[in-house]
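All remarks here apply to the structure that follows.
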Amino acid sequence: MLAVLFFVVLAVAYFAPIVFNHQTLAQHDITQFQGGAHETQQWAAEHGHEPLWTNSMFSGMPTYLISVHFPGDLFVFVQKAVALGLPGVVSNLFVALLCGYVLLVALGVRPLVAVAGAVALGFSSYNLAILAAGHNTKSWALAYAPLVLGGLLLAFRQNKWLGAALFTLGLTMNVRANHPQITYYLGLLVAIYGLMELVAAIRAGRLPDFLSRVALLGVGALLAIGVSFGRLYTTYEYSKYSNRSPSELKALPPQPGQPAAPSARQQDRDYAFAYSYGVGETMTLLVPNFYGGSSAMPLGKDSHLAAAGLPEEYLGSMPTYWGDQAYVAGPVYVGVTVCFLFVLGLFVVDKRTRYWLLAGTLLSFVLAWGKNFETINNLIFDYLPGYRSFRAVSMGLVIAQLAMPLLAALALSRILRPRPVAGPPGAGPATEPMHPALAKAARAAAGTPAVVVESADYQLRTRQLLYAGAITAGFLLLSWIASLSFDYASRRMPGSHKAALRPS
């Protein structure tokens, strides 16, 4: 209860102007939604039922994805109960914190560390940026993702019935949020975990038990999809007539001397990969303004542009971002502390857990790079079922946004206390009470004073901390050297104003 109260206070404090001053967050996409849904809402108010067509967007289109309420959806009350009646975006942030806490507690992490991990999950920059933009459905889908993972891990590692119940509830709310791309990315992370558990089950001779747990979770997934079947089916039906489906038009044959028109497949790729994260841009997870910031970043009065005499009204929205994406609201940043603990987790957390989260993080990077890593992403786009339906592949970093704070929290838990974290049936705990090398040394030193084992434990942890610190510091040093090189090159270029755009 104290953790829940803390999350309420934290969410309310962060959005204090909304709660106490009755202000509203200027969300661009919500403003667009209000304009697009106005005709539909007026019709519903006059006739007592919603129309399934509107003329207020494009040349007319179905209202499936604009403003349609599906009757019999009792989970609207679950949503209100989980959000504790908090207003608007405040409830989004609170639920993200709460579900992150449930995930870590399900892994056996002590409450204080679980609170810290939940804050890292909830306050990643992407979560806040999408709320500012008005991507509320995306925010809700991300908020419930940790609950899905918590149920999944609990089902495989401890109580399969309780885990399946949490998994079903989390997935129901995630799918109900109606952002299939986030659910798809979450499914990829779940699939990686499932493959690793399958291999471990075969090696340990636990395949029947593994299959029974998978079957139980499969039933839960079907129930979750069934709750939102109306939304999913209408989206599927409409997608056949959208620009996500094959075009009915055919390109004319090229004139003599003219290059051939790009194929439909290439056009689909270009559309999907338009927002691709740069390979070097991935450093923003560690250094937020490594690529300049955002396309509309406020600069201070002590910035170079202010000193050059630029009027103050322009300083509030300057294009400091210099990457390849057409527009970014801000970088994807998880924090230097999370990055350090994530690297530490690669040394101290048990192999299955760290390999799963590392694989998910690396896959996240590859997907987000899009056209900047075409060798792999073209194959994924062409052959991974369902993937070609999505665009803005930079969104793939949401997998890392889940995996990195989770491994970071497990690493912190492992360092701070010896109590084991929940492990899979028939196996050791997820966070081993003693490192394998240390356990071997302790067995070899049986009968020696306990202080020897404690000294070895201390030395091992010190080395692990130093390794993680050195790796993180190395990345920071590389980013610093890169920024110096860019600054030097921009100053050497005649007429260049890149240095003046540097935020202060």
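Checking the range 91-108 against the condition returns a match, with at least one residue being at positive phi, assigned by TED's automatic domain parsing to the domain that holds residue 179 and in contact (Cβ under 8 Å) with a residue 12 or more places away in the chain.
Scanning the range 286-301 finds no residues that are in contact with a Lys or Arg (Cβ under 8 Å, 6 or more places away or on another chain), hydroxyl-bearing (Ser, Thr, Tyr) and either assigned to a helix (DSSP H, G or I) or crowded, with 17+ Cβ neighbours inside 10 Å (or both). The residues on offer are 364, 413, and the sole one that is of a type in the set (Ser, Thr, Tyr) and at pLDDT 95 or above is 364.
Conditions tested, residue by residue: (1) under 28 Å from residue 242 (Cβ atoms); (2) of a type in the set (A, V, I, L, M); (3) at pLDDT 90 or above.
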position: 23; (1), (2), (3): no, no, no
position: 28; (1), (2), (3): yes, no, no
position: 52; (1), (2), (3): yes, yes, no
position: 55; (1), (2), (3): yes, no, no
position: 58; (1), (2), (3): yes, no, no
position: 62; (1), (2), (3): yes, no, no
position: 76; (1), (2), (3): yes, yes, no
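If you go through the range 343-356 one residue at a time, do you hit one that is closer than 30 Å to residue 298 by Cα and either without any contact (Cβ under 8 Å) to a residue 40 or more places away in the chain or among the hydrophobic types (A, V, I, L, M, F, W, C) (or both)? Checking the range 343-356: not a single residue is closer than 30 Å to residue 298 by Cα and either without any contact (Cβ under 8 Å) to a residue 40 or more places away in the chain or among the hydrophobic types (A, V, I, L, M, F, W, C) (or both).
Scan the range 184-191 and tell me whether some residue there is within 20 Å of residue 4 (Cβ to Cβ), part of a helix (DSSP H, G or I) and of a type in the set (Val, Ile, Thr). The answer is no; no qualifying residue exists. Here the range 244-261 is the region considered, the condition is being surrounded by 11 or more Cβ atoms within 10 Å (Cβ to Cβ) and within 26 Å of residue 58 (Cα to Cα), and the residue that is modelled with the lowest pLDDT is 244.
Within the range 17-41, residues that are within 11 Å of residue 132 (Cα to Cα) have Cβ atoms under 7 Å from residues that are not in a helix (DSSP H, G or I) in these pairs: 27/134; 28/134; 29/134; 29/135; 30/134, counting only partners at least 6 apart in sequence or on another chain. For a quick check of your reading of the model, give me the residue pairs whose first member lies in the range 197-214 and is within 19 Å of residue 353 (Cβ to Cβ) and in the same structural domain as residue 352 (by TED's automatic domain parsing), whose second is at pLDDT 95 or above and crowded, with 17+ Cβ neighbours inside 10 Å, with beta-carbon atoms closer than 8 Å and at least 6 apart or on different chains. Going by the 8 Å Cβ cut-off, there are no qualifying pairs. Within the range 136-178, being surrounded by fewer than 21 Cβ atoms within 10 Å (Cβ to Cβ) and over 30 Å from residue 208 (Cβ atoms) holds for 136, 137, 178. Hey, does the range 204-211 have a residue that's over 23 Å from residue 65 (Cβ atoms) and surrounded by fewer than 11 Cβ atoms within 10 Å (Cβ to Cβ)? Scanning the range 204-211, I find at least one residue that is over 23 Å from residue 65 (Cβ atoms) and surrounded by fewer than 11 Cβ atoms within 10 Å (Cβ to Cβ), so the answer is yes. The residues of the range 337-360 that are surrounded by fewer than 21 Cβ atoms within 10 Å (Cβ to Cβ) and farther than 19 Å from residue 414 by Cα amount to a single one, 359.
A count restricted to the range 334-373 and to residues that are under 15 Å from the mean Cα position of the chain (by Cα) and part of a loop (DSSP other than H, G, I, E, B) stands at 2. Candidates are the residues of the range 304-333 that are small (Gly, Ala, Ser) and not in a loop (DSSP other than H, G, I, E, B); the one that is surrounded by the most Cβ atoms within 10 Å (Cβ to Cβ) is 306.
Only a single item in (1) touching a His at 6+ places or on another chain (Cβ under 9 Å); (2) closer than 24 Å to residue 350 by Cβ is not met by residue 163, and it is number (1).
Per-residue answers, yes or no, for (1) modelled with pLDDT of 90 or more; (2) in contact with a Ser or Thr (Cβ under 7 Å, 6 or more places away or on another chain):
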site: 196; (1), (2): yes, no
site: 210; (1), (2): yes, no
site: 216; (1), (2): yes, no
site: 219; (1), (2): yes, no
site: 223; (1), (2): yes, yes
site: 231; (1), (2): no, no
site: 236; (1), (2): no, no
site: 241; (1), (2): no, no
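For the criterion of being under 23 Å from residue 142 (Cβ atoms), acidic (Asp, Glu) and under 23 Å from the mean Cα position of the chain (by Cα), residue 29 passes. Checking the structure you have, find out if any residue of the range 377-392 is within 17 Å of residue 150 (Cα to Cα), in contact with a helix residue (DSSP H, G or I) (Cβ under 8 Å, 6 or more places away or on another chain) and modelled with pLDDT under 90. No.
The values are calculated or read from the model by the stated rules, or taken from the named source; none is laboratory data. It should be emphasised that the depicted structure is a prediction, and the values quoted were computed from it without experimental measurement. All Cβ positions, glycine included, derive from the backbone under ideal geometry; neighbour counts span all protein chains shown.
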